[in-house]
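Asks: This is the structure I have questions about; it appears just below.
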Amino acid sequence: MFSKPSPNMAQTNEKSSGAVNAIGKGSMVKGDIITDGDLRIDGTLKGTIRTQGRLVLGETGLIEGEIICQNALIAGTVKAKIQVSELLSLRANANLHGDIITNKLSVEPGANFTGSCSMGAAVKNIKTTDTNGKAQEKTA
């Protein structure tokens, strides 16, 4: 009636489900966090975050340091350089003080951002010809 699970089945499930890590409200962590799974922070982190998953910073969360992740949803305070390979979302009560490097950026009205932002692909070069018929390259 009950079949014994195969060893391969356990390995497949383990690889497909990412770990969800959390730092709760009132907690403070000093140091670096490196994970393949998602990470939610409602407390304070002073250090570097590197994740292959999604970073969620709750309204009570604070990060000071550096952030490198795939996706990020920010509702708290960030005082860090942030690199997001896909989508960075800043909620209405987000406060971000630092430089952003991302592919896509979503900012709700009310969010505060101080710093520089670099996003998307590089600006394409525009080719024109001068009075002698030679090709010149201009950049935007």
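Asks: Going by the alpha-carbon gyration tensor, a ≥ b ≥ c the square roots of its eigenvalues, is segment 65-113 rounded (a/c under 1.5) or, if a/c is not under 1.5, prolate (a/b greater than b/c) versus oblate?
Replies: Taking the square roots of the gyration eigenvalues as a ≥ b ≥ c, segment 65-113 is oblate.
Asks: Accessible area of THR51, 1.4 Å probe, to the nearest 10 Å²?
Replies: Roughly 10 Å² of THR51 is accessible to a 1.4 Å probe.
Asks: For ASP36 paired with ASN95, estimate the spin-label separation in nm (one decimal), with each label point 7 Å from Cα along the Cα-to-Cβ line.
Replies: Going from the ASP36 label point to the ASN95 one covers 3.7 nm.
Asks: Hey, can you grab everything whose amide H is under 5 Å from the amide H of GLN52? Only 5+ residues off in sequence or another chain; H modelled, so Pro and N-termini drop out.
Replies: It is THR35, ASP36, GLY37, by chain and number.
Asks: Which trypsin sites (Lys or Arg not before Pro) in segment 35-109 sit in a loop by DSSP (not H, G, I, E or B) and have at most 16 other Cβ atoms within 10 Å of their own Cβ?
Replies: Here no trypsin sites (Lys or Arg not before Pro) fit, given the DSSP loop and packing criteria.
Asks: Rg/Rh for segment 23-84 to two decimals, with Rh computed the Kirkwood way over all alpha-carbon pairs.
Replies: On the Cα set of segment 23-84, Rg over Rh gives 0.90.
Asks: If R₀ is 30 angstrom, what is the calculated FRET efficiency for the pair MET119 and LYS25, using the beta carbon separation as r and rounding to 0.05?
Replies: My answer for the efficiency is 0.45.
Asks: Let me ask another. Report VAL84's accessible area, 1.4 Å probe, all protein chains in place, as a number in Å² to the nearest 10.
Replies: Per-residue accessible area (VAL84): approximately 10 Å².
Asks: Among LYS46/LYS81; LYS30/LYS104; LYS46/LYS79; LYS25/LYS81, which pairs are too far apart, with a Cα-Cα distance over 20 Å? Write out the running numbers ahead of the final one.
Replies: On the way: LYS46/LYS81 12 Å; LYS30/LYS104 29 Å; LYS46/LYS79 9 Å; LYS25/LYS81 22 Å.
Where the Cα-Cα span goes over 20 Å, the pairs concerned are LYS30/LYS104; LYS25/LYS81.
The values are calculated or read from the model by the stated rules, or taken from the named source; none is laboratory data. Predicted model only: the values in this text are computed from it and were never measured. Every residue, glycine as well, gets a Cβ built from its backbone with ideal geometry; the counts of neighbours run over all protein chains shown. In case anyone asks, the SASA skips ligands and DNA or RNA and just uses the protein heavy atoms, side chains included. Shrake-Rupley method; radii C 1.70, N 1.55, O 1.52, S 1.80 Å.
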